[in-house]
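For reference, the structure is listed below as C-alpha cells.
Please treat every number below as a calculation from the coordinates, not as lab data. This structure is a prediction, so every number in the text was calculated from the model and none was measured. Ideal geometry is used to build each Cβ from the backbone, glycine not excepted, and the neighbour counts take in all protein chains shown.
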Ligand code: T5A
C-alpha cells in the first residue's frame with residue numbers, strides 16, 4: 001500500500017466503532033502497513049485535556065456554541081500535531097470519530113448548524129476530510145444492550161442526553177452519508193464483529209495506492 005490514508009469511524013454510542021477501529025489498525029500493522037490508532041475528542045495531550053472538559057463539564061455545563069468550539073479546538077490540535085505529521089510520514093491514521101461527529105452532534109442535534117460547524121473545521125483544521133468514513137449503523141435497542149454490557153460503565157455528559165437528541169444524531173449521520181456517498185460507507189453494525197471487519201476492509205480496497 002503506497003499511500004497513507006485517514007480513515008474515520010462514526011456512529012452513535014455503543015455502535016462498535018472502537019472495536020472495529022482497533023481491529024483495522026491491528027490488521028494494517030500485520031500487513032506491514034504502519035498505522036496509528038487514535039480517537040476524538042483526544043489523541044494529543046491538549047485534545048485529551050479538552051476531552052475531559054467536554055465529557056465531564058463544570059456544573060453549569062457548556063453552551064452549545066462553547067461546546068462546538070471546544071470540539072473544533074481539540075480537533076485542530078489533533079490534526080496539526082498527530083494526524084497530518086503521521087500522514088506525511090506515510091502512516092495510516094485510523095480515527096475513532098472525526099468531523100462528522102461534530103456535524104451530527106453539535107451541528108444537527110444541538111442546533112449549531114452544519115455549515116457553521118464546517119466553517120469551524122476550515123478554521124481549525126483547514127477542512128481536512130478522511131479518505132473513507134465508516135458509518136456503523138446499529139438499532140438503538142442493540143446499542144443500549146452493548147452499553148449496558150461494556151466494561152466501562154461510566155457514562156459521559158453527551159451520552160446522557162435524551163433519546164430524542166440521539167435520534168437526531170442518528171438521522172444526521174444518515175443524511176451526511178447520503179450527501180457524500182463517495183466518502184461514506186454505511187455498514188450494518190448489528191452482526192458479528194468479524195463479519196463487520198471484513199466489510200470494513202472490503203470498503204478500503206479501492207483507495208488510491210491500496211491495490212498496488
Ligand atoms: N462527540 C464526539 C461529540 O459530540 N462531538 C464530536 O465532535 C466528537 C468527536 C465521546 C462522546 O463525544 C461525543 C460523542 C460521544 O457522546 P466516544 O468516546 O467515542 O465519544 O463515546 P462512545 O461513542 O460512547 O464510545 P463507546 O466506546 O461507548 O462506543 P463504541 O466505540 O461505538 O463501541 P465499542 O467498540 O466500544 O463497543 C461497545 C461494546 O459493544 C461490544 C464491545 O465489545 C463493547 O463491549 N461490541 C459488540 N457486541 C456484539 N456485536 C458486535 N458487533 C459488537 N461490537 C462491539
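As a rough footprinting exposure proxy, the listed residues 101, 131 were ranked by other beta carbons within 10 Å of their own, and the order from fewest upward is 131, 101.
Bridges between two residues of region 1-143, per DSSP, are antiparallel at a rate of about 0%.
Which of rounded, prolate or oblate describes region 98-154 when judged by the alpha-carbon gyration tensor and an a/c cut-off of 1.5? Verdict is prolate for region 98-154. When 155, 38 are sorted by how many other C-beta atoms sit within 10 angstrom of their C-beta, beginning with the fewest, the order is 155, 38. Is region 6-203 rounded, prolate or oblate when judged by the Cα gyration tensor, a ≥ b ≥ c being the square roots of its eigenvalues, rounded requiring a/c under 1.5 and prolate requiring a/b larger than b/c? Judged from the Cα gyration tensor, region 6-203 comes out rounded (a/c under 1.5). For the chain, what relative contact order do you get, as a whole percent, if you take Cα pairs closer than 8 Å and at least 6 residues apart? It rounds to 32 percent for the chain.
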